[in-house]
Amino acid sequence: MALTGWQLLLGGIFLLPVALLVDPPLPTLTVTQIAGYLWLCVAGAMLAYALWFRGIRRLSPVAVSAMSLLSPVTAVVLGWVFLGQRIQGMALPGLIIVMVSVLSIQWALIKKPKI
């Protein structure tokens, strides 16, 4: 958790000069905009990271590494459901292969005898 905090802080410090040089200055922020930004910081970053690290602490390394394959699958499915995007070409077989591999890894971990 500390490593993630440092990465976010140092990334922000590194990007600040570029943002100040390239982007136009921000207009005066309203209370609603500040509240929205705080919500994104607290719920979208701090709470999400805390829950993520709490969850992966309880899983085996194999299960965690297999779950990283679900991020692009989730993006494809959400694009299909909410944006009407089509799954074309090799994307559908790739999606099926990823899902089968993740499910088989999870199934093998469940069947594995406890030592």
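The values are calculated or read from the model by the stated rules, or taken from the named source; none is laboratory data. Computed from a predicted structure; not experimentally measured. Heads up, the Cβs are rebuilt from the backbone with ideal geometry, glycines too, and the neighbour counts pull from every protein chain shown.
A quick yes/no check of all residues on (1) at pLDDT 85 or above; (2) out of contact with any Gly (no Cβ under 8 Å at 6 or more places or on another chain); (3) surrounded by 10 or more Cβ atoms within 10 Å (Cβ to Cβ); (4) basic (Lys, Arg):
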site	(1), (2), (3), (4)
Met1	no, yes, yes, no
Gly11	yes, yes, yes, no
Leu21	yes, yes, no, no
Gly44	no, yes, yes, no
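Would you say Ile115 is over 30 Å from Thr4 (Cβ atoms), surrounded by fewer than 11 Cβ atoms within 10 Å (Cβ to Cβ) and either at pLDDT below 85 or aromatic (Phe, Trp, Tyr) (or both)?
In short, yes.
One residue is enough: does region 43-52 have a residue meeting the conditions in contact with a helix residue (DSSP H, G or I) (Cβ under 9 Å, 6 or more places away or on another chain) and among the small types (Gly, Ala, Ser)?
yes
Run down Leu83, Leu59, Leu40, Leu78 and say which single residue is surrounded by 13 or more Cβ atoms within 10 Å (Cβ to Cβ) and without any contact (Cβ under 8 Å) to a residue 60 or more places away in the chain.
Leu59
Could you tell me whether Ile34 is surrounded by 10 or more Cβ atoms within 10 Å (Cβ to Cβ), out of contact with any His (no Cβ under 6 Å at 6 or more places or on another chain) and under 30 Å from Ala91 (Cβ atoms)?
For Ile34, the condition - surrounded by 10 or more Cβ atoms within 10 Å (Cβ to Cβ), out of contact with any His (no Cβ under 6 Å at 6 or more places or on another chain) and under 30 Å from Ala91 (Cβ atoms) - is not met.
Check every one of the helices (runs of 4 or more DSSP H) wholly within region 41-105 and list those with 1 or more residues that are of a type in the set (D, E, K, R).
48-57
Considering only residues that are of a type in the set (Gly, Ala, Ser) and modelled with pLDDT of 85 or more, look in region 49-90 and name the one that is farthest from Gln7 (Cα to Cα).
Gly89
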